[in-house]
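Chemist: Structure incoming, see below.
The values are calculated or read from the model by the stated rules, or taken from the named source; none is laboratory data. For clarity, every value in this text was computed on a predicted model and none was experimentally measured. Note that we place each Cβ from the backbone using ideal geometry, even for glycine, and neighbour counts take in every protein chain shown.
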Amino acid sequence: MQRARFLAVGIAVALAFAACGDDTTGDEPAADESAAAPEPADIRVWLNGTDTPQEMRDWLKTEFETANPGSTLTIEEQEWEGLVERLTTSLGSEEETPDVVEVGNTQAPTFTTAGAFSDVTDLLPELGGDDLLQGFVDAGSVDGQTYAVPYYAGSKYVFYRTDLFEKAGLEVPTTMNEFVDAGIALKTDNANIPNFSGFWFPGQDWRNGVAFVWDAGGDLAVQDGDEWTGALSNAESVEGLTTAQRLFTEASGAPKDGNEADPQVPFCAGEIGMLSAPGWVRWSIDNADIGCPEMMANVGVFALPGSDGDAAPVLLGGSNIAVSAKSQNQELAAEVVKLMLSDEYQSMFAAAGLTPAKTSLASKLGTDEFAQAAITAASNAKLTPAAANMLWYSSESMSFRAW
């Protein structure tokens, strides 16, 4: 993908919703009409990728249709790749828009600022209030109003091959320097394996790249009043990028033009010593259809170590959910969001290894080494700045670029 395309997407989002911004105001129902039960409708929900297990999708459909006789729920799975472009087109049209959408937490500020989502501030107490992950609430808020709420989070932690560590005589690293050295040593020790990565670091994987910037004390951007200013030229940021560059050039054999999708594929092919990924990757590896359950006996995990010996500040990834401002079924769409923030639904995320949207449910992640790695990683995790412009990272050029 070319840089101009990303810049054009960011501009297109703002222009698309600026052009159709307030034309729904006059269509709001009168007070006596809004008190009546909403007309039955087919509610369309866009969920991205496979992070929401089928069990949860089935539960959501059944609960919604039982509570709203005559209405139906249709879940349409979207690919993350190209999602911004599809949302930009669909959310601006009453005829094409889904009613409820999932967006990445790094994408939420763009669409929130552009006016693509309905104001759900009054619903916050019912959805969880102060129990909700505050950083995700912030990502979906502007001018004191909330338009997108947390869906789930997933701190990245490191999956590693215990057998390859033993063969190379390596211990689990406890500092960033030890981690970098381990990645390089693993690549050297397995140089006979084509495309082998001591640390798997595809060229478009900015989500892992940002951890090295933060660990060095740098940042992507800083806010001064209402303005955001890029901070990647700061000395600390450059130091972090230098660490990332060393990993990319000396420890990784991943494609320079690749992204972090489907890491279980090269892992199961025996091409990875370490990789940093959300907890759900465990279930992709331990899956007879798409993974390699037989390799789980040699899978260990640990939180990415920082330069100070504590957990490094990895990206707290995940998603927000929102009601489309163009949806003609606002009340029913809000009912779907309530179900998606219910304790029962969110507890299923914890069972799948993802951090629930409510902090009170974090204990449901469990007590095994995977859960402990997730909890440790989350203890120092960060979100990207809640700026309207998204960021794109290229390990090949070692730079972040605004969309």
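Chemist: Does segment 92-102 include one or more residues that are surrounded by fewer than 16 Cβ atoms within 10 Å (Cβ to Cβ) and in contact with a strand residue (DSSP E or B) (Cβ under 8 Å, 6 or more places away or on another chain)?
Modeler: In the first step, residues of segment 92-102 are kept if they are surrounded by fewer than 16 Cβ atoms within 10 Å (Cβ to Cβ); the result is 93-96.
Checking the rest, the ones that are also in contact with a strand residue (DSSP E or B) (Cβ under 8 Å, 6 or more places away or on another chain) come to none.
Scanning segment 92-102 turns up no residue that is surrounded by fewer than 16 Cβ atoms within 10 Å (Cβ to Cβ) and in contact with a strand residue (DSSP E or B) (Cβ under 8 Å, 6 or more places away or on another chain).
Chemist: Take segment 36-51 and flag every residue that is of a type outside the set (Lys, Arg) and either closer than 21 Å to Ser327 by Cα or without any contact (Cβ under 8 Å) to a residue 24 or more places away in the chain (or both).
Modeler: Those that are of a type outside the set (Lys, Arg) and either closer than 21 Å to Ser327 by Cα or without any contact (Cβ under 8 Å) to a residue 24 or more places away in the chain (or both): Ala36, Ala37, Pro38, Glu39, Pro40, Ala41, Asp42, Ile43, Val45, Trp46, Leu47, Asn48.
Chemist: Taking the conditions exactly as written (in contact with a Cys (Cβ under 9 Å, 6 or more places away or on another chain), surrounded by 16 or more Cβ atoms within 10 Å (Cβ to Cβ) and β-branched (Val, Ile, Thr)), does Ile290 satisfy them or not?
Modeler: Details: in contact with a Cys (Cβ under 9 Å, 6 or more places away or on another chain): yes; surrounded by 16 or more Cβ atoms within 10 Å (Cβ to Cβ): no; β-branched (Val, Ile, Thr): yes.
Considered against the rule, which asks whether it is in contact with a Cys (Cβ under 9 Å, 6 or more places away or on another chain), surrounded by 16 or more Cβ atoms within 10 Å (Cβ to Cβ) and β-branched (Val, Ile, Thr), Ile290 comes out as no.
Chemist: What's the number of the condition Ala351 fails, among (1) crowded, with 17+ Cβ neighbours inside 10 Å; (2) among the aliphatic types (A, V, I, L, M); (3) under 25 Å from Leu60 (Cα atoms); (4) modelled with pLDDT under 95?
Modeler: Ala351 satisfies all of (1) crowded, with 17+ Cβ neighbours inside 10 Å; (2) among the aliphatic types (A, V, I, L, M); (3) under 25 Å from Leu60 (Cα atoms); (4) modelled with pLDDT under 95 except (1).
Chemist: Applying the selection to segment 209-241, what residues are without any contact (Cβ under 8 Å) to a residue 24 or more places away in the chain and out of contact with any Leu (no Cβ under 8 Å at 6 or more places or on another chain)?
Modeler: Gly217, Asp224, Gly225, Asp226, Glu227, Thr229, Ser233, Asn234, Ala235, Glu236, Glu239
Chemist: If you go through segment 362-373 one residue at a time, how many are touching a helix residue (DSSP H, G or I) at 6+ places or on another chain (Cβ under 6 Å) and either surrounded by 22 or more Cβ atoms within 10 Å (Cβ to Cβ) or within 23 Å of Tyr147 (Cβ to Cβ) (or both)? Working first, answer last.
Modeler: In the first step, residues of segment 362-373 are kept if they are touching a helix residue (DSSP H, G or I) at 6+ places or on another chain (Cβ under 6 Å); the result is 364-365, 370-371.
When the remaining residues are screened for being either surrounded by 22 or more Cβ atoms within 10 Å (Cβ to Cβ) or within 23 Å of Tyr147 (Cβ to Cβ) (or both), the result is 365.
Residues meeting the conditions: 1.
Chemist: Please return the ranges of strands (runs of 3 or more DSSP E) entirely within segment 216-316 where 1 or more residues are among the charged types (D, E, K, R). Give the derivation first.
Modeler: On the way: elements: 221-224, 227-230, 272-278, 299-302.
Strands (runs of 3 or more DSSP E) meeting the threshold: 221-224, 227-230.
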